[in-house]
Amino acid sequence: MDILFEPLETATLRLKNRFFMAPMGTTFSMDRLIPYFVARARGEAALITTGEISVHESGRAVGGGPGDRELSLETDGDIRILEPLVKAVRENGAKFVAQLNHMGRYSFMPKTAGRASVAPSAVASRYTGYTPRELTTGEADDLVVAFAEAAVRARKAGFDGIEICANSGYLISQFLSAVTNHRTDRYGGDNVIERAAFLFDVLAETRRRVGTDYDICVKFDAEDGIRGGKTLEDSLGLAPRIVEAGADRLHVWAGWHEAARPMLPMFVPRGAFAGLAGEIRGVVRVPVSTVGRINDPFTAADILRKGEADLIGLGRALLCDPDFVRKTMEGKTGEIRRCIACCNCFDDISEGLRGRFHVDLRCALNPELGCEGKPLGAAGRKRKVVVAGGGPAGLEAARTAALRGHRVVLFETAGALGGLIREARLPPHKEELGNIITYYEGQMAKLGVDVRLNEEFTADTLDALSPDVVVVATGSVEWVPDLPGIRGKNVVTFLDVLKGRVPDGEQVIVVGGGMIGLEVSEMLADGGMKVTVVEMLDSVAGDMGPTVRWGYLSRVKKKVSIRTSTKVVGIEEDGVVVLDGDGREEKLPASFVVIAAGMKPLQGLGAALERRGVECHVIGSGLKTGKIIDAISDGNRIGSVL
């Protein structure tokens with residue numbers, strides 16, 4: 001692991017290790033943004049990159065400016081706004097770089113501000129649903145100057161450098177692509193080098209204004225990932241020209257938001273895009289960074305050893321655990337709260353870009369994200385706390401309560417911690433969920449929580465322990481609809497399947513097209529069975545976030561049949577009776593039937609304790625079924641106030 005902590009010298013910077021915080025947008029106001037970044041600086045990231053900072057009013061994400069939580073370096077007045085942030089981050093040991101961007105056709109201002117977005121050409125965006133106005137040559141010239149002036153302001157604000165955003169489908173990458181650049185002036189062209197004129201001009205003008213002793217990084221896509229877009233071959237020719245034009249570093253990403261391949265979900269392999277950075281690194285003589293699905297220090301070290309990159313970008317990994325780098329440095333890799341790539345954070349940001357700023361950036365596993373300025377305080381009175389249930393909600397409640405100084409005893413009826421996570425990690429490509437169990441097992445041991453496995457919390461236990469308070473986190477159970485034939489021997493639940501209790505047969509009907517039903521369907525299909533999913537709604541996977549859903553469905557639909565707008569009205573020995581969307585009855589043949597209709601809270605213990613006059617709090621899916629983020633957030637909430 002020593003390779004991760006070798007210093008790196010660039011033309012203008014000396015970095016203490018090989019980790020940097022990749023640029024990510026937030027929904028935080030400045031009073032939250034400062035402690036957010038400071039926490040990652042204290043966590044020993046060598047360099048931190050801001051989320052995108054607007055260089056021109058025409059290129060804002062939603063059109064609100066810095067007063068509406070959108071960072072800007074459009075005017076000299078923005079320098080004063082950013083100075084306290086820059087000072088705080090640099091005082092805590094990290095280099096700080098401002099990412100400069102113009103959204104181009106990815107701006108949501110047509111919806112949020114009633115203003116047309118602008119772009120190299122008037123090509124509609126699938127990402128926003130709007131068609132931009134084509135920039136005039138004079139307007140493009142003005143935007144070159146806007147980038148350079150923003151860079152000067154970044155230097156005056158105290159930033160150690162800038163990163164020019166030429167990736168992911170934003171304005172500069174729109175100039176680079178033949179799909180979105182149909183111009184006939186000097187900013188157009190028949191090849192990527194000609195279409196790079198705008199980027200080259202931005203680099204030249206920026207370097208002229210900031211001088212030779214200021215760090216300039218360019219982030220760009222090795223492949224756009226869209227039909228007709230920039231290819232790896234294009235980028236191998238472009239990268240040396242970017243360096244010649246003035247870049248000190250290159251930050252390599254993997255594609256546009258409109259790309260046809262998934263890049264963020266957990267079914268994307270760890271370190272999937274490091275090879276692209278390695279290809280670029282082979283044609284330049286400046287440091288090259290990689291980023292994407294790196295949630296483990298061993299993966300990071302392997303990338304460096306193979307020579308695929310000089311720097312490792314951590315994005316969501318640092319949302320999940322701001323101390324990722326410090327824990328790695330101290331040899332405490334087992335204590336890292338590893339990102340599971342659930343994409344909840346990206347879904348939240350997407351909602352924010354659409355003008356819904358009441359949707360806060362959240363991490364499923366880190367409930368303290370955005371609350372770094374409000375550290376968890378010690379309890380005023382130490383209490384004996386019993387937690388009934390070892391799923392995510394109970395484990396987080398136990399962790400938080402123990403951190404505050406309470407004596408915590410946790411009961412779990414199963415022989416291991418994790419609750420339903422132990423089964424949820426079993427379908428194809430869900431292995432990352434195991435990170436949750438690993439993290440909490442380590443935390444329970446580190447914090448001295450008295451964990452009692454294979455033991456149910458009962459009235460007798462209550463009398464023996466006499467706790468001050470009980471947290472009921474007993475979770476949920478399968479909801480089974482009341483249908484004719486539901487008790488038949490050919491009917492099992494999705495949990496039966498996950499636990500290996502699968503009847504004989506080759507033809508399967510899965511009742512329920514939510515995430516649970518689809519995951520079990522894929523699992524069965526991979527085992528060689530012919531699977532049909534029956535869903536009464538007009539679409540499936542409605543409980544999946546948009547970042548994951550499209551890629552997941554594109555894979556699953558190749559393996560299983562899906563019937564929507566179809567209602568199950570009965571189950572027979574050899575099949576399922578359904579009504580289609582027009583009310584016509586039909587029988588679908590099946591060797592056996594899997595019920596995957598959802599979950600319901602497991603209730604009873606909380607009411608029983610209240611009758612005994614015991615202070616108790618019911619949390620997690622034992623109160624209301626939801627997602628992992630809801631369970632962990634609820635556990636943290638109650639652990640913070642006991």
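The values are calculated or read from the model by the stated rules, or taken from the named source; none is laboratory data. On a predicted model such as this, the values are computed, not experimentally measured, just so you know. Note that each Cβ is placed from the backbone with ideal geometry, even for glycine, and that neighbours are counted across all protein chains shown. Calculation scope for accessible area: heavy atoms of the full protein, side chains included, ligands and nucleic acids excluded. Shrake-Rupley method; radii C 1.70, N 1.55, O 1.52, S 1.80 Å.
Within the straight-line cut-off of under 17 Å between alpha carbons, the aspartates and glutamates reachable from residue 327 are 2, 6, 44, 296, 335, 441, sequence neighbours fewer than 8 places apart in one chain being disregarded.
Averaging 1/r over each pair of different alpha-carbon atoms in the chain and inverting the result gives 26.6 Å, the Kirkwood hydrodynamic radius. Using 0.36 nm per residue and subtracting the Cα-Cα separation, the extra length available between residue 359 and residue 487 on full extension is 41.8 nm.
Converting phi to 3J(HN,Hα) with the Karplus coefficients 6.51, -1.76 and 1.60 and the offset θ = phi - 60°, segment 324-331 yields 3, 5, 4, 4, 5, 4, 8, x Hz in sequence order, with x at every glycine or proline. Computed with a 1.4 Å probe over protein heavy atoms only, the accessible area of residue 303 comes to about 10 Å². Average accessible surface for the chain: 39 Å² per residue, computed with a 1.4 Å probe over protein heavy atoms with every protein chain in place. With N the number of residues in segment 123-198, Rg(Cα) / (2.2 N^0.38 Å) evaluates to 1.22.
From the protein chains alone at 1.4 Å, what is the descending order of accessible area for 342, 217, 616, largest first?
The residues order as 342, 616, 217, largest area first.
Per-residue Karplus couplings for segment 306-316, computed as 6.51 cos²θ - 1.76 cosθ + 1.60 with θ equal to phi - 60°, are listed in order as 7, x, 7, 7, 9, 10, 10, x, 10, x, 4 Hz, Gly and Pro entered as x.
For a test of the definition: using alpha carbon positions, the gyration tensor, and the 1.5 limit on a/c, classify segment 305-399 as rounded, prolate or oblate. Oblate. Helix 434-447 and the long axis of the chain differ in direction by around 80°, with both axes built from C-alpha atoms. Between residue 131 and residue 607, the contour length at 0.36 nm per residue exceeds the Cα-Cα span by 165.7 nm.
The C-alpha atoms of the chain define a longest principal axis, and helix 628-641 lies at about 80 degrees to it. FRET efficiency for the residue 232 to residue 555 pair, using the beta carbon distance and R₀ = 22 Å, is estimated at 0.40. Once all protein chains are placed together, residue 6 keeps about 90 Å² accessible to a 1.4 angstrom probe.
Full extension of the segment from residue 507 to residue 185, taken as 0.36 nm per residue of separation minus the current Cα-Cα distance, would add 109.8 nm. Neighbours of residue 165, meaning other residues whose beta-carbon lies under 10 angstrom from its beta-carbon, give a summed charge of -1 when Lys and Arg score +1 and Asp and Glu score -1. Once you list every other residue whose beta carbon is under 13 Å from the beta carbon of residue 117, what net charge do they have if Lys and Arg are +1 and Asp and Glu are -1? It works out to a net charge of +2. Remark: accessible surface ordering of 346, 198 (largest first) is 346, 198, probe radius 1.4 Å.
Here the calculated FRET efficiency for residue 272 and residue 466, from their Cβ-Cβ distance with R0 = 56 Å, stands at 0.60, rounded to the nearest 0.05.
Excluding residue 223 itself, what net charge comes from residues whose Cβ is under 13 Å from its Cβ, given Lys and Arg +1 and Asp and Glu -1?
Taking every other residue near residue 223 into account, the sum is -3.
Shown are 136, 212, 290, 184, whose ranking by accessible area with a 1.4 Å probe and every protein chain present, most to least, is 184, 212, 136, 290.
Isolated cysteines in the chain, defined as those with no second cysteine Cβ under 4.7 Å, comprise 165, 217, 342, 343, 345, 363, 371, 616.
Residue 495 exposes around 20 Å² of accessible area when a 1.4 Å probe is run over every protein chain in place. Once the dipole of the chain is set up with Lys and Arg at +1 and Asp and Glu at -1 on Cβ about the Cα centre, which of 638, 26, 429 lies farthest towards its positive end? So the residue furthest toward the plus end is 638. First check a/c for segment 47-134, with a ≥ b ≥ c the square roots of the eigenvalues of its C-alpha gyration tensor; if it is under 1.5, answer rounded, and if not, answer prolate when a/b is larger than b/c or oblate otherwise. Verdict is prolate for segment 47-134. Which percent of the Cα-Cα distances in segment 282-324 go past 17 Å? Counting every Cα pair in segment 282-324, those more than 17 Å apart make up 31 percent.
Rounded to the nearest 5, the antiparallel percentage of DSSP beta bridges internal to segment 479-637 is 40%. Measuring nothing but how far apart in sequence close Cα pairs (under 8 Å, 6+ apart) lie, relative to its length, segment 481-633 scores a relative contact order of 26 percent.
Once Rh for segment 215-280 is found with the Kirkwood sum over Cα pairs, what is the Stokes-Einstein diffusion coefficient at 20 °C and 1.002 mPa s, in µm²/s? Result for D is 171 µm²/s.
FRET efficiency for the residue 450 to residue 641 pair, using the beta carbon distance and R₀ = 22 Å, is estimated at 0.55.
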